[in-house]
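Everything on this sheet refers to the single structure shown next.
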């Protein structure tokens with residue numbers, strides 16, 4: 001289990017953000033991995049966060065288990081599994097610095113995309129795009145999710161133009177990422193990241209994530225969400241820039 005104070009300085013706010021995301025501040029959770037990676041090896045940090053995500057996924061699936069679109073899942077999940085495999089090969093075959101640089105790049109792109117989207121300038125596939133396009137977006141979703149638990153943007157780019165009913169969209173998202181997170185488990189096992197120490201760290205941090213989720217449910221109705229998101233996305237770009245420069249060895 002990590003004992004370095006630096007790890008907890010970044011892990012605690014990362015877990016709080018993940019909890020707030022599950023409590024209603026959708027999108028904040030993507031800052032978790034780049035933030036925790038500032039205090040520990042990025043692959044190990046992502047492995048510590050994965051069990052927390054899996055436990056919290058159960059809440060979303062239970063709440064929306066009757067509202068989901070089977071076509072979206074059938075098209076995107078196979079591609080997402082391929083993306084996870086590509087992400088695993090990438091993480092297993094390159095130095096930790098390269099993973100850090102990739103995580104930084106994904107974080108910058110995610111933050112920039114969300115800031116762009118906040119201005120009403122969504123980048124999305126056509127609502128009539130064929131299934132193979134959805135499968136490609138699934139691959140991108142699986143890769144970015146494996147590297148940074150940040151598969152939201154490519155998923156949304158293909159699904160949102162289809163204009164699913166609200167509960168169906170939320171339920172489909174919850175089920176998709178719940179399944180995807182379980183698909184990632186063998187990859188992290190193969191990377192040797194489900195050690196007793198990492199699982200213990202996840203167990204220690206999990207109650208904090210649950211409390212943050214409950215707080216998110218209350219706060220989402222009171223906090224000016226737009227301003228809050230803008231700050232977080234800028235922080236994601238800053239954190240991503242730090243990871244990218246460290247990964248590339250830029251001083």
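The values are calculated or read from the model by the stated rules, or taken from the named source; none is laboratory data. None of these values were measured; they are calculated from a predicted model. Cβ: placed from backbone, ideal geometry, glycine included. Neighbour counts: every protein chain shown.
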The listed residue being at pLDDT 90 or above, farther than 29 Å from residue 77 by Cα, surrounded by 13 or more Cβ atoms within 10 Å (Cβ to Cβ) and over 18 Å from the mean Cα position of the chain (by Cα), out of 204, 211:
204
Options 37, 58, 14, 21; residue that is closer than 24 Å to residue 95 by Cβ and in contact (Cβ under 8 Å) with a residue 40 or more places away in the chain
37
Do we find that residue 110 is closer than 20 Å to residue 141 by Cβ and free of Cβ contacts under 8 Å to residues at least 60 places away in the same chain in this structure?
no
What residue, of 101, 135, 112, 62, is at pLDDT 90 or above and part of a helix (DSSP H, G or I)?
135
